[in-house]
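Let me begin by presenting the structure, written as structure tokens, before commenting on it.
Read-outs throughout are calculated quantities, based only on the coordinates presented, and are distinct from any laboratory measurement. For clarity, every value in this text was computed on a predicted model and none was experimentally measured. Cβ: placed from backbone, ideal geometry, glycine included. Neighbour counts: every protein chain shown.
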Protein chains: 2
Amino acid sequence: MSAAGDRQLTALSELAGLVAGGTTRRSQLATATGLSRAAVAQRVDLLITKGLLVETGTVATERGRPPLALQLASDAAVVCAVDLGATHSTVAVAELGGAVLSEATEELDIDEGPEAVLSGLHDQLGRLLADAGHPASHVRAIGIGVPGPVEASTGTVVRPPIMRGWDGYRVPGFFEGRYDAPVLVDNDVNMMALGEYAHRPAADHLLYVKVGTGIGCGIVSSGGRVHRGASGAAGDIGHIRVPGQDDVLCHCGNTGCVEAVASGAAIAAALRDAGLPVEHVADVVRLVAAGDPTARRHVRLAAQRIGDVLASLVSFWNPDTIVLGGSIASLHDDLLADIRAAVYRRALPLATRTVAIEATILGRRAGIEGARRRAVHHLLSPAGIAQFLSTP
Amino acid sequence: MSAAGDRQLTALSELAGLVAGGTTRRSQLATATGLSRAAVAQRVDLLITKGLLVETGTVATERGRPPLALQLASDAAVVCAVDLGATHSTVAVAELGGAVLSEATEELDIDEGPEAVLSGLHDQLGRLLADAGHPASHVRAIGIGVPGPVEASTGTVVRPPIMRGWDGYRVPGFFEGRYDAPVLVDNDVNMMALGEYAHRPAADHLLYVKVGTGIGCGIVSSGGRVHRGASGAAGDIGHIRVPGQDDVLCHCGNTGCVEAVASGAAIAAALRDAGLPVEHVADVVRLVAAGDPTARRHVRLAAQRIGDVLASLVSFWNPDTIVLGGSIASLHDDLLADIRAAVYRRALPLATRTVAIEATILGRRAGIEGARRRAVHHLLSPAGIAQFLSTP
């Protein structure tokens, strides 16, 4: 791509992004970009011809010709969003503007390996596209969150602790030939963080902490950039050491990891040891909701230990927002007070005076919402525009 | 500023940045930017007229007219870099291209307050400008690192633990009327991190860990962005809790902070308790250099505790480079092995397989080098170019 071509794509991307953000008139686009009205017209017409934008008349006024309004196309362009977990896949088909057309959750076993799992996912996606009334050719981008570390630039799964058989597997490769669309793959917790970030206009430095069977964290800052780190492992906080728990063995082979003492699985194990009828994390949630004092006690201890870890991260990274999600997040009444107390007790006042520690507002939909955002964001980027323009 | 003006400034900034990076021919600039040769010529001529660039003939060849080479001006434009510590100020005057023209370190007491300290600094700066043969009117940007938290957008010191009398003081205000130049203020450790980052082409996610009287950290990623966090407190790792040290009281009022058990001051106190003749951190360095086994033992224990904290940060942030600096960094032979061992023992393989843990390569000059880079970087940014063009 030439530098002049890059500039053209950047300008197209900027225009599409402004339309997505609610700038609907050509005159407003000219003002916002500094381009001439002729230059705006030339570019907008290209995006309309290619099917990324549509222009519609609004209700006529008494003052004459109704102004035309631009918006992202919804007839022949959709994105797919996938939240792949250890035991489920949630898939959504959505318009570029955000409206979800169809969505469903199905059970699966991630350890069946990539070919089997992705084949099932492909079938699920086909059914949802049919429900939404769109052929596969309308799919313009696919965002997928997976429960393991990912090299985001290639969509390759890298040394996942769960996901048997996926190590080194390049997920977008499966979709080549099936869809003529870019596939954006990321760790599921990163997707959840992105989803929450997009729904919190006041957040600029956000940590999304997922407490379920394990414990993980997504890091978003600076206008929506996911921090993935040098090898895509950023946010892997489950094996940070908690003071005073050196006698507890973790599945990683170390002792005292926060995941070994404060995850849903750890709480469930502690309650089993205490003689309570607990098999899964859902049983913990049920017991606490029923007011069982032993269960509440163990959840509060877990919250204090999670808070100890978060206090260190607040001192280091100075977030303005920490979002608590995952399957035990529904217990936020019992969790948040102790997490907040631990953070306020240990981190410095300058770092804690602006931090909000809150429960997820998207709940189980954080992952799918992040994957959808990621797909649309890519589609409106210069690289996504280039791919869009090159499809027939 | 209009959008069209913004675009012009962005183009000028891009051209100046390319010249600074070694693209010296007009034809190369046209290729690199995608602009026409006429558009490049118009912009380059403006930057020459205003004194930011100069164009010089190179040695004539037998093949005729020598090609002209562009470079950043060095006749009427310099930047000043300041590294302000608790007890010293290092000031440098440098050409935009990097050559340091004059530099000196003087003693001071930061607790004398902003007016007294900055007056002394102003005198020092005047002497160094005279040494370099430049009047104050040639100063085009000033970068200043200070030993406390800073709201970088305004240059205001915010709740510093040392720096008595500086809380809420806006440092650039002092220089208004004295220099017609933007003043970029940041925490000294952030400046040091920026300096090291600029000298490590392979680094993309860097932590600079300063171990001196206290312990602090600078965070740089994504092409040279300093992560300051929501309130400028990011990197304040001195009060992260170290496991197993809950009986040690820290000056912050908590117990078990890494600064209370592993800083230069903490090692010095431990050696005094052991009956050794130690007053300052320099005495610790001297004893270790002389091979004193008790001193070496305490330095190694400190390294293990620092390593414990860094292991958590490696898991969370997944850096590719950790640089050890500060006044006890000269003991890196004794420190690095234990820090590395602790990080490798506790952090996950995916995060540790790419991380390099190394001693500073800039040493005491890291802060001044970062402040110089920050000043030049601002000068070549669109905002800096705008200020440059508006000066007579």
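If you restrict to DSSP beta bridges whose two residues both lie in chain B, what percentage is antiparallel, to the nearest 5? Before the final figure, lay out the partial values.
On the way: 34 of 54 bridges.
Taking every DSSP beta bridge with both residues in chain B, the antiparallel ones total about 65 percent.
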Subject >> Net charge, A:VAL309 excluded, C-beta distance under 14 Å - Lys, Arg +1, Asp, Glu -1 >> reply: +3
Original post:
A:VAL150's amide H: which non-local residues (gap 5+, or another chain) put their own amide H closer than 5 Å, with H modeled 1.01 Å from N in plane and none for Pro or chain starts?
Top reply: A:VAL158, A:ASN187
Original post:
With the calculation restricted to Cα positions, what are the radius of gyration and Dmax of chain B in angstrom?
Top reply: 23.1, 79
Original post:
What does the convex hull of the alpha-carbon atoms of the stretch B:295-353 project to on average, in nm²?
Top reply: 3.8 nm²
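In the stretch B:201-360, how does Rg compare with the Kirkwood Rh, expressed as the Rg/Rh ratio over alpha carbon atoms?
Details: Rg = 15.3 Å, Rh = 15.9 Å.
Rg/Rh: 0.97.
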Subject >> Rounded to 5, percent antiparallel among DSSP beta bridges of the stretch B:199-337 >> reply: 70 percent
**OP:** May I ask for log10 I(q)/I(0) of the stretch A:94-198 at q = 0.10, 0.11, 0.15, 0.18 Å⁻¹, from a Debye sum over the Cα atoms as equal point scatterers with solvent left out?
**Re:** -0.28, -0.35, -0.66, -0.97
Original post:
Given N residues in the stretch B:149-195, what is Rg(Cα) / (2.2 N^0.38 Å)?
Top reply: 1.18
Subject >> Between the stretch B:217-232 and the stretch B:1-40, the alpha-carbon center distance in angstrom >> reply: 27 Å
**OP:** Would you kindly compute the Cα radius of gyration of the stretch A:203-265 and its largest Cα-Cα separation (Dmax), both in Å?
**Re:** 13.3, 42
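Between A:ARG286 and A:TYR344, what's the calculated FRET efficiency when r is the beta-carbon distance and R0 is 35 Å? Round to 0.05.
Values: r = 30 Å, r/R0 = 0.86.
Result of the calculation: an efficiency of 0.70.
Using only DSSP helix segments of four residues or longer, with each worth -39500 (n - 2.57), what per-residue ellipticity at 222 nm results for the protein assembly as shown after dividing by its residue count and rounding to 500? List each step's numbers first, then the result.
Working: 28 runs with 330 residues, N = 784.
It lands at -13000 deg cm²/dmol.
If you scale each eigenvalue of the Cα gyration tensor by 5 and take the root, what three semi-axes come out for the protein assembly as shown, rounded to whole angstrom and sorted largest first? Please list the in-between numbers first.
Details: eigenvalues 378, 346, 97 Å².
Semi-axes, largest first: 43, 42, 22 Å.
Per the Kirkwood treatment, what hydrodynamic radius in Å, one decimal, follows for the stretch B:152-253 from the mean inverse distance over all distinct Cα pairs?
Working: mean 1/r = 0.0642 Å⁻¹.
About 15.6 Å, per the Kirkwood formula over Cα pairs.
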**OP:** Based on the mean of other Cβ atoms within 10 Å per residue, sort peptides A:142-153, A:5-16 so the most packed one is first.
**Re:** A:142-153, A:5-16
Original post:
Under the Karplus relation 6.51 cos²θ - 1.76 cosθ + 1.60, θ = phi - 60°, what is the ordered set of whole-Hz ³J(HN,Hα) values for the stretch A:75-91, x standing for Gly and Pro?
Top reply: 8, 10, 8, 9, 10, 10, 10, 10, 10, 9, x, 5, 10, 8, 10, 10, 10
**OP:** Could you run the Karplus curve 6.51 cos²θ - 1.76 cosθ + 1.60 with θ = phi - 60° over the stretch B:213-219 and give me ³J(HN,Hα) per residue in whole Hz, x for Gly and Pro?
**Re:** 4, x, 9, x, 8, x, 10
**OP:** Tell me which residues come under 5 Å, amide H to amide H, from A:TYR169 once H is placed; ignore anything under 5 positions away on its chain.
**Re:** A:VAL157
